[in-house]
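> My questions will all concern the structure given below.
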Number of protein chains: 2
Amino acid sequence: MAKIKKINHVAVVVDDMEKSLAFWQDALGLEMAELRDVPAESAQIAFLPVSGSEVELVRPTTTDSGLAKYLAKKGAGMHHICLEVDNIDEMMVQLKEKNIRLINDAPKTAADGKKYAFIHPESTGGVLVELYQF
Amino acid sequence: MAKIKKINHVAVVVDDMEKSLAFWQDALGLEMAELRDVPAESAQIAFLPVSGSEVELVRPTTTDSGLAKYLAKKGAGMHHICLEVDNIDEMMVQLKEKNIRLINDAPKTAADGKKYAFIHPESTGGVLVELYQF
């Protein structure tokens, strides 16, 4: 049985990166490892590591992405939780067997080789859950 | 300067504990450390530790608590993120100096001696943030 290893990150969708960093970085004191433009996701992402996990601040850079529409509809706030798993393929078989609704039928592979997939909030109790395997 | 040590937990508000556990525990395979009734918070809480952090599933047990009203208004889903801090008193001074709006003006002390306080989502970019110090 595949195993969840840890909370990899919590993603927060933001509309104003400067204002968000004024809280998470300047006031709370988290250190920002990187502020990256990710054109493939139509987003700018601030990575703030904290003890093996991360807070990620994600700002849509276009108005027509899924994230931009989420922001327009629901407002800024927590977007998803990402859990690291030791074997994502096995986990997805396991989830399908339990009739869990997946957004991605098979894991996607990012440019850095990381495999990931999203689980539909309908099956999690309203939480968008991402799975990662490095 | 006070320092954030880690993500202590991510809290999910749920309306159906059995259904939520069917996902988080049975399908995803997280182990439940405890299912606790917390009358002081008018809630039942499932604690699912994962590598030094926790996923907490929180089900309101009355209809008039703040959490019950949140659930009725916003539906089930992520409720707050809790960050562990080495010195909560110092952190709260630090946050006030940066004009961060706090829900609790001073830390509260739980029955187990833990000190905690909430930061208002207005100052965080829409995220309810809890601070813990053990």
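The values are calculated or read from the model by the stated rules, or taken from the named source; none is laboratory data. Owing to the predicted nature of the structure, the values given are computational and were not obtained by experimental measurement. All Cβ positions, even for glycine, are placed from backbone atoms using ideal geometry, and neighbour counts span all protein chains on display.
> Just to verify a result, which residue in region A:101-127, among those that are part of a helix (DSSP H, G or I) and touching a residue at least 12 places away in the same chain (Cβ under 8 Å), is nearest to B:GLY75 (Cα to Cα)? First the steps, then the outcome.
First, the residues of region A:101-127 that are part of a helix (DSSP H, G or I): A:121-123.
Next, from what is left, pick out any that are touching a residue at least 12 places away in the same chain (Cβ under 8 Å): A:122-123.
Working: A:GLU122: 12, A:SER123: 14 Å.
My answer is A:GLU122.
> Between B:GLU56, B:GLU41, B:GLU90, B:GLU84, which is under 20 Å from B:THR109 (Cβ atoms), in contact with a Lys or Arg (Cβ under 7 Å, 6 or more places away or on another chain) and touching a residue at least 12 places away in the same chain (Cβ under 8 Å)? Step through it out loud before you land on a result.
Working: B:GLU56 fails: in contact with a Lys or Arg (Cβ under 7 Å, 6 or more places away or on another chain); B:GLU41 fails: in contact with a Lys or Arg (Cβ under 7 Å, 6 or more places away or on another chain); B:GLU90 fails: in contact with a Lys or Arg (Cβ under 7 Å, 6 or more places away or on another chain).
Only one candidate qualifies: B:GLU84.
> Next up: Any idea how many residues of region A:2-32 are in contact (Cβ under 8 Å) with a residue 60 or more places away in the chain and within 20 Å of A:CYS82 (Cβ to Cβ)?
13
> Would you confirm whether any residue within region B:94-108 is closer than 22 Å to B:LEU35 by Cα, modelled with pLDDT under 95 and either more than 8 Å from every other protein chain (Cβ to nearest Cβ) or in contact with a Gly (Cβ under 8 Å, 6 or more places away or on another chain) (or both)? Lay out the reasoning, then the answer.
Applying the first criterion (closer than 22 Å to B:LEU35 by Cα) to region B:94-108 yields none.
No, that holds for no residue.
> Restricting attention to strands (runs of 3 or more DSSP E) lying wholly within region A:1-86, give those where 2 or more residues are modelled with pLDDT of 95 or more and in contact with a Leu (Cβ under 7 Å, 6 or more places away or on another chain).
Working: elements: A:4-13, A:34-38, A:43-50, A:53-60, A:77-85.
Where strands (runs of 3 or more DSSP E) fall fully within region A:1-86 and carry at least 2 residues being modelled with pLDDT of 95 or more and in contact with a Leu (Cβ under 7 Å, 6 or more places away or on another chain), they are A:4-13, A:43-50, A:53-60, A:77-85.
> May I ask you to list the residues in region A:110-134 that are of a type in the set (Val, Ile, Thr) and at pLDDT below 95?
In the first step, residues of region A:110-134 are kept if they are of a type in the set (Val, Ile, Thr); the result is A:119, A:124, A:127, A:129.
Scanning region A:110-134 gives no hits.
> Within region B:48-61, is even one residue within 12 Å of chain A (Cβ to nearest Cβ), under 23 Å from B:PRO121 (Cβ atoms) and surrounded by fewer than 17 Cβ atoms within 10 Å (Cβ to Cβ)?
No, that holds for no residue.
> Also, quick follow-up: Can you tell me which residue in region B:1-31 is farthest from A:GLY126 (Cα to Cα), limited to those that are more than 8 Å from chain A (Cβ to nearest Cβ) and loosely packed, with under 15 Cβ neighbours inside 10 Å?
By that ranking, first place goes to B:GLU31.
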